[in-house]
Amino acid sequence: MKYESIAIAGPTASGKTSKAVAAAMAFDGEVISADSRQVYVGMDLGTGKDLEEYGDVAYHLIDVAPAGSKYNLHRYLRDFRQVYDDVLSRHRMPVVCGGSGMYLENALGGVRLPDVPENPELRASLEGKNLDQLTEILSAMKSLHNTTDVDTCKRAIRAIEIQQYYIDHPEEAREAERGEATSLNTLIVALDIPREERRSRITERLHRRLEAGMLDEVRRLLDSGIAPADLIYYGLEYKYLTLHLIGQLAYDEMFAALEMAIHQFAKRQMTWLRGMERRGFTLNWLPYNMPDAEFTDWLRSNLAE
């Protein structure tokens, strides 16, 4: 085949999982998640794991870290490469699936990151600074392509810590640059969904997940001893549902703010995918609602070119 793997990308609610499963079933494959939150155990409805969709298809990098911990890009790229190479070694087709643009792009780009240790002195010097001040510091160190670096003070401090490490260790910084990496030989499909349909599906899915018990899921995580701040760190569903459960948002306020945040997140996902194209990746845009048989036929003809 022309390609050794397949990747399914797209914004939230575009049906990536079902298309990835269809691809894996058609090409004797296994799905490798590229989602920054599906790694956490017990965070199911809020992250949209939809495990029932996999059936007998093997999946990887889902439920690999305890909720409340801080899984990161370095750990993901290390784990991804181990899984990817293992799937290939068993003559199976890796099918990468996800909407976390930073994880997806770096994994497909073959980037390997050093394990950056904590810098207590730097952290102490940044303590007490607000998010705007931290963002200004980080923007002076690098271009802010990834806005999730500055979603919270904790994330911003960690991003500054990583960037300072690269400044102090230029030889390792070169390894973190995509220009020094060899991209994977992957056929990338991006699911194209009209904006209004995407928005409608997001709202319908949010109602469905709340009815399925997403609020109880967050309540269980809090009851298990995870601090509210740690759940808020994960953003989106876990941020707003936690704020509601600790009494800072009424239910209707929570729903409206969360719905808007997911719409904004989907827009950022699309922006990231378009950015990947500008950065040299070839994305093949296919309709999100293309029938599975037609979808796998398209894959078959393009994999064999």
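For residue 57, the accessible area of its heavy atoms, probed at 1.4 Å with every protein chain present, is near 20 square angstrom. Compared with the alpha-carbon gap, the fully stretched path from residue 74 to residue 204 is longer by 43.4 nm at 0.36 nm per residue.
Between 198, 78, 90, the residue with the greatest mean-square fluctuation in the GNM of the chain (Cα pairs under 10 Å linked by springs) is 90. Under Stokes-Einstein, with the Kirkwood radius over Cα pairs as Rh, the value for the chain at 20 °C and 1.002 mPa s is 105 µm²/s. Principal axis extents of the C-alpha atoms in region 244-305 (largest first, rounded to whole Å): 57, 30, 16.
Restricting the calculation to alpha carbons of region 152-305 gives Rg and Dmax of 20.4, 57 angstrom. Distance distribution P(r), region 11-120, all Cα-Cα pairs, bin width 5 angstrom from 0: 2, 12, 22, 24, 21, 12, 4, 2, 1, 0, 0 percent.
For the residue pairs 154/267; 70/267; 19/239; 129/154; 129/239, alpha carbon separations beyond 19 Å are given by 154/267; 70/267; 19/239; 129/239. Split the accessible area of the chain by element, probe 1.4 Å, and carbon with sulfur accounts for 49%.
What number, in percent, do you get for the relative contact order of region 1-88 if the mean sequence gap of Cα pairs under 8 Å and at least 6 apart is divided by its residue count? Please list the in-between numbers first.
Working: 82 pairs, mean separation 24.5, N = 88.
It comes to 28 percent, rounded to a whole number.
Placing +1 on each Lys and Arg Cβ and -1 on each Asp and Glu Cβ, with no other charges, gives region 71-157 a dipole about its Cα centre of roughly 320 debye.
Once the gyration tensor of the Cα atoms in region 71-147 is diagonalised, the equivalent ellipsoid follows with semi-axes of 33, 15, 9 Å, ordered largest first. Using the 1.4 Å probe convention, the accessible area of region 16-75 works out to 36 Å² per residue with neighbouring protein chains retained. Taking every DSSP helix (H) stretch of at least 4 residues in the chain, weighting each as -39,500 (n - 2.57) and dividing the sum by the residue count yields a mean residue ellipticity at 222 nm of -16500 deg cm²/dmol.
Exposure check, 1.4 Å probe, all protein chains in place: residue 262 carries approximately 10 Å² of accessible surface.
A Gaussian network model of the chain, with springs between Cα atoms under 10 Å, assigns the largest mean-square fluctuation among 61, 231, 51 to 51.
The values are calculated or read from the model by the stated rules, or taken from the named source; none is laboratory data. Here the structure is a predicted model, which is why all the values come from computation and not from measurement. All Cβ positions, even for glycine, are placed from backbone atoms using ideal geometry, and neighbour counts span all protein chains on display. SASA here: full protein model, heavy atoms, side chains in, ligands and nucleic acids out. Shrake-Rupley method; radii C 1.70, N 1.55, O 1.52, S 1.80 Å.
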